[in-house]
Ligand code: NAD
Ligand code: DAU
């Protein structure tokens with residue numbers, strides 16, 4: 001029997017990573033999937049309960065800022081492919097603690113690049129390092145236009161600056177060491193297992209608990225929303241069929257002003273919770289704006305569409321319905337991540 005291909009997915013206990021791990025474990029029985037995650041506040045193995053016993057899956061607790069640990073892991077497992085999602089991902093947290101973002105997003109990425117390069121050296125051509133990035137590296141759009149793969153980088157938050165930096169390092173390793181990379185820059189994701197610090201899951205949780213809905217500034221900021229499973233499908237396609245040394249934009253073709261999205265969510269939640277129309281909307285509270293708040297993101301995803309035929313499979317209406325239903329039927333998950341009890345469990349179970 002031939003040996004399974006060893007594939008590393010970093011950040012697989014997080015929101016997007018868990019959907020990517022699930023897809024790879026189920027779609028590719030010939031791969032052995034290693035999920036490397038530090039289990040920060042955003043990492044939660046409950047996201048992967050359904051596949052954790054699969055014979056082609058192994059969880060490894062570890063920190064990508066630890067280069068010795070990575071070099072050892074790479075030399076033991078000889079990963080032929082890397083899908084790198086581990087990151088500090090929340091813009092607001094980056095404003096209070098920028099260095100944490102430099103450490104994981106920049107230094108952590110360079111550590112991974114080094115471990116990959118040191119393992120394969122002259123034998124890299126058929127291997128693959130896939131770096132998952134964000135549309136926020138392009139900065140902010142005005143009222144018109146779309147981000148393309150040619151848009152100049154212009155990051156405005158410590159988060160987006162750290163992601164932009166990591167993208168540059170990946171490209172530089174391609175140019176300098178011949179490292180076979182792919183980068184994708186995606187718009188805002190939403191869906192099951194999204195940590196309730198980001199707009200949609202935070203507001204769903206607050207509506208359930210009849211707590212205020214803190215809309216930043218005047219709410220007239222625009223984001224392009226994509227259902228997370230459609231992102232996981234795009235990642236699968238690019239990992240297998242994307243061209244080496246290329247960047248691909250991924251987006252939902254689905255722009256919403258925050259306030260319009262929040263109003264739609266409120267209406268749907270009133271209906272689902274059998275509450276009087278307007279109950280959720282009355283919770284909307286305008287609060288101080290996010291510093292450096294980007295006005296508008298919108299992605300031109302025609303390159304991945306033309307080259308690989310990818311497009312979102314669910315409409316926003318369908319995706320939002322699925323998302324709300326998931327949160328309403330997974331109150332235990334919400335309760336665990338908001339109470340922090342699952343972190344206590346990790347401390348006891350893993351000893352750190
Ligand atoms: P997340 O915050 O939900 O998950 C991040 C995961 O990385 C967590 O499981 C966490 O424990 C792990 N992690 C953090 N620091 C680590 C470290 N030092 N070592 C090992 N693991 C560590 O993030 P997400 O929203 O799932 O985003 C995943 C990736 O996709 C990120 O690179 C992010 O920049 C990118 N991205 C996110 C979005 C979005 O809308 N969420 C959109 C485009 C791109
Ligand atoms: O565009 C991709 C990016 O999308 C990813 O790279 C990031 O990891 C991800 O967090 C997300 O960044 P945003 O800053 O766009 O997402 P967030 O959910 O934090 O905010 C969405 C919009 O809602 C933004 O305009 C800020 C606003 N907002 C957010 C929160 C948390 C509010 O008005 N109130 C809030 O409480």
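Here are the numbers for this structure:
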item	result
Counted residues, segment 244-258 - those being more than 30 Å from residue 81 (Cβ to Cβ) and buried (at least 16 other Cβ atoms within 10 Å of the Cβ)	3
Test: residue in segment 277-284 that is under 25 Å from residue 297 (Cα atoms), in contact with a strand residue (DSSP E or B) (Cβ under 8 Å, 6 or more places away or on another chain) and not in a helix (DSSP H, G or I)	yes
Some residue of segment 229-238 being modelled with pLDDT of 95 or more, more than 15 Å from ligand 1 (Cβ to nearest atom) and surrounded by 14 or more Cβ atoms within 10 Å (Cβ to Cβ)	yes
Strands (runs of 3 or more DSSP E) contained in segment 157-265 and holding at least 3 residues under 30 Å from residue 125 (Cβ atoms) and under 18 Å from the mean Cα position of the chain (by Cα)	181-186, 246-250
Close pairs (6 angstrom Cβ cut-off, 6 or more residues apart or separate chains): more than 16 Å from ligand 1 (Cβ to nearest atom) in segment 251-273, part of a loop (DSSP other than H, G, I, E, B) anywhere	257/220; 259/219; 266/280; 269/280; 270/277; 270/279; 270/280
Search result, residues across segment 201-212 that are surrounded by fewer than 22 Cβ atoms within 10 Å (Cβ to Cβ) and either closer than 21 Å to residue 138 by Cα or touching a residue at least 24 places away in the same chain (Cβ under 8 Å) (or both)	205, 206, 208, 210, 211, 212
Yes/no for residue 92 being more than 11 Å from ligand 2 (Cβ to nearest atom) and either free of Cβ contacts under 8 Å to residues at least 40 places away in the same chain or over 30 Å from residue 31 (Cβ atoms) (or both)	no
Hey, residue 292 touching a helix residue (DSSP H, G or I) at 6+ places or on another chain (Cβ under 9 Å) and either buried (at least 17 other Cβ atoms within 10 Å of the Cβ) or more than 30 Å from residue 175 (Cα to Cα) (or both) or not	yes
Residue within segment 196-219 that is over 30 Å from residue 116 (Cβ atoms), away from ligand 2 (no atom under 14 Å from the Cβ) and touching a helix residue (DSSP H, G or I) at 6+ places or on another chain (Cβ under 6 Å) present	no
Top-ranked residue of segment 309-342 - restricted to ones that are within 21 Å of residue 42 (Cα to Cα) and under 20 Å from the mean Cα position of the chain (by Cα), ranked as modelled with the lowest pLDDT	338
Segment 114-137, subset closer than 14 Å to residue 166 by Cα, in contact with a strand residue (DSSP E or B) (Cβ under 7 Å, 6 or more places away or on another chain) and touching a residue at least 60 places away in the same chain (Cβ under 8 Å), residue farthest from ligand 1 (Cβ to nearest atom)	130
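To keep it simple, each residue is scored yes or no on (1) closer than 18 Å to residue 350 by Cβ; (2) near ligand 1 (Cβ under 8 Å from one of its atoms); (3) surrounded by 20 or more Cβ atoms within 10 Å (Cβ to Cβ).
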{"site": "14", "(1), (2), (3)": "yes, yes, yes"}
{"site": "24", "(1), (2), (3)": "no, no, yes"}
{"site": "28", "(1), (2), (3)": "no, no, no"}
{"site": "35", "(1), (2), (3)": "yes, no, yes"}
{"site": "40", "(1), (2), (3)": "yes, yes, no"}
{"site": "43", "(1), (2), (3)": "yes, yes, yes"}
{"site": "47", "(1), (2), (3)": "yes, no, yes"}
{"site": "57", "(1), (2), (3)": "yes, no, yes"}
{"site": "112", "(1), (2), (3)": "no, no, yes"}
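The values are calculated or read from the model by the stated rules, or taken from the named source; none is laboratory data. Predicted model only: the values in this text are computed from it and were never measured. Glycine gets a Cβ as well: all are built from the backbone with ideal geometry, and neighbour counts include every protein chain shown.
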